[in-house]
Structures are given as C-alpha cells and as structure tokens.
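Nothing in this text is a laboratory measurement; each read-out follows from the coordinates by a stated rule. Just so you know, these numbers come straight off a predicted model, no measurement behind them. In this analysis, Cβ positions are derived from the backbone assuming ideal geometry, glycine residues included, and neighbour counts consider all displayed protein chains.
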Amino acid sequence: MTRHPVQAACYGIGAIYPIAILDPVHRWHRPVHPGLPEQHPDYGTGMLVLRWTGPPGEDIHAPALLEAAAARAPAAPPTGAELEAFQTSLPPGLRLIDLPDKYVIGPWAQRPGATRSTPPPHAA
C-alpha cells in the first residue's frame, strides 16, 4: 500500500486546502471543467491530486477522508476507466484534479494558520 500524506495547497490567493498527491509526475491535464484529469505525457500541466472541496466547517474531517480515499486509489498512473471508477467511489467533498507542484505548500499539519498542539517555546 502506498502512503499519501496530506499536504496543503493554495493557488496563491484565497484559502489553503488539503490534498493528497496520487501521482507526482506532471503528466496530467483536465481539458474540461468539471471533469477528470487526463494523462498527457507531452504537455501535462500537473500532478494527479485528490482535493478536499467540501464546506469549510467540515474540513476538520478532510485529512482522514483524504488518507482513507488515497489508500485505495489505483496505482499510478491509472487508466481513464480506473480514474472514473475511483472518482465515482469518492465521498462528497473529494475531487480528482490536476495541480502543478508549485501550489503545494507542505504538510497539512504545518500549513500557515494551523493551530499548534503545543505552545511555542518562550524566548530567553
């Protein structure tokens, strides 16, 4: 089983959202929106990513939903039929997208604005 850690992403303005990278190779492009990403090795513009698109008030559950869904994702690179079956099986609030790596900020738990579980150390 491949592990897909939850990452934070942002288009540069607006909200930071959680994702799981399913295929890190930039071979994906979504020609129709909304629609599934398609594999285009010659001009792919992004990675294959599972994104949380649910309401902000429910994003507390997003990391667990992303991890569970990503754990059962087809092996990379999936076929179009595998992607369609996978998208159909996803719970509400999760969507497959293509995303360039420049929009990935880092681990979800360390995203800007995340609450810390321990207080910061005091300066001496």
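A few notes on this one:
- Taking residues in segment 73-86 that are more than 10 Å from residue 36 (Cβ to Cβ) and in contact (Cβ under 8 Å) with a residue 24 or more places away in the chain, and partners anywhere that are β-branched (Val, Ile, Thr) and surrounded by 12 or more Cβ atoms within 10 Å (Cβ to Cβ), the pairs with Cβ atoms closer than 9 Å and at least 6 places apart or on different chains are 76/25; 77/25.
- Restricting segment 14-28 to residues that are of a type in the set (A, V, I, L, M) and closer than 16 Å to residue 56 by Cβ, the residue that is surrounded by the fewest Cβ atoms within 10 Å (Cβ to Cβ): 15
- Per the conditions (1) of a type outside the set (Ser, Thr, Tyr); (2) under 18 Å from residue 102 (Cβ atoms); (3) within 11 Å of the chain's Cα centre (by Cα), the sole criterion not satisfied by residue 70 is (2).
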